[in-house]
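Report on the structure given below.
The values are calculated or read from the model by the stated rules, or taken from the named source; none is laboratory data. As the structure is a computational prediction, the values presented were derived from the model and not from experiment. Every residue, glycine as well, gets a Cβ built from its backbone with ideal geometry; the counts of neighbours run over all protein chains shown.
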Amino acid sequence: MDAAPDYLDAKLAQARSGERSALTALVQAHQRSVYSLALRMLGTRDLAEDLTQDVFMHMSANLGAIASNTHLRFWLRRVTSNRAIDQLRHRSRLPMSSFEDQSELFSAEDPADPLLQRHLRALLAHLSPPARAVLLLRYQEDLDPMDIARTLDMPINTVKSHLKRSLQIMREEATRMPSEPCQDSST
Amino acid sequence: MNEDVESKLRDALRPVEPRAEFSRKLLARTLSTQAAPSKKPKVSRGAARPLVGWFSASLAACLLVAVGIQQQLHQQRLRATGLEARREVEQALRVTSQKLNLAFEAIKSQSTAPSDEKSGV
């Protein structure tokens, strides 16, 4: 999935000296992660695409301040999460119903499990923006709580309590809606 | 139970690919905002430093030569003026000396003439 770190470190150095093909390689290596984070934070494709574009343009202008590919990955996650949280906070009413329309929010590994997708939509809709970011960094980006705390500049205990609460909501949703998929499939 | 929920979350939250059309636009926009290659300014800055050094050194040397020439010309003019003045003073002294000699001779001849007349009468 990911290119070798050494290869991307070399590409970063080349991109810093203005090589366009190197910048292309960096964008291609990281766009999936940034876009997915933006999409699941904001809930709509249009907003996610706008945010992804902003983040990469910002990255392009600040390549000189980025030391390595590991730093770049951390930087992209941090900027994407923080900007998404800011957008959600500034918008008085997030159109939560938009989560319902976006089947692409979730990976299509198990398309036969609409119940799981329903639970996830409900979970994302329940969570505050910071809690949503914590959940996505944990289960989408596979970061441990300490890295999440550093990425979001958040106390480790807050990260742990967000994760605990998210799992609790997920379990509640799982026990609440066992029969609904049958109703859905009939409609 | 927890592990089951977590693995389901991981499965469902795998990163998704953006649309191909958006990927193309994203690349185009990102490349268009790419900072200008840092090579050029660095190279030109590096090359400009010796050039500026040479230019300022040659400018300083030219100024020194010009000031030196100017001072030499000024001293030559002063020396020539001094020599001219000295010649004029010497000439004036010579003329004055000749005039005095003439006057002395005239006085001397006048003072000797009456005594001769007295002795002759």
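Mind checking whether some residue in region B:39-47 is facing another protein chain (nearest Cβ under 7 Å) and at pLDDT below 65?
Within region B:39-47 (the criterion being facing another protein chain (nearest Cβ under 7 Å) and at pLDDT below 65), the answer is yes, since at least one residue qualifies.
Being small (Gly, Ala, Ser) and more than 12 Å from the chain's Cα centre (by Cα) is the filter here; which residues of region A:38-89 pass it?
The answer is A:Ser60, A:Ala61, A:Gly64, A:Ala65, A:Ala67, A:Ser68.
I want to confirm something. Restricting to region A:57-83 and keeping residues that are in contact with a Lys or Arg (Cβ under 7 Å, 6 or more places away or on another chain) and either in a loop (DSSP other than H, G, I, E, B) or among the aliphatic types (A, V, I, L, M) (or both), which single residue is farthest from the other protein chains (Cβ to nearest Cβ)?
Selected residue: A:Leu63.
Return only the number of the condition from (1) away from every other protein chain (no Cβ under 14 Å); (2) at pLDDT 90 or above that A:His162 does not satisfy.
Condition not satisfied by A:His162: (1).
Quick check, is A:Leu51 within 21 Å of B:Ser32 (Cβ to Cβ), at pLDDT 90 or above and assigned to a helix (DSSP H, G or I)?
Considered against the rule, which asks whether it is within 21 Å of B:Ser32 (Cβ to Cβ), at pLDDT 90 or above and assigned to a helix (DSSP H, G or I), A:Leu51 comes out as yes.
Select, from A:Leu120, A:Leu94, the only residue that is modelled with pLDDT under 95 and part of a helix (DSSP H, G or I).
Unique residue meeting the criteria: A:Leu120.
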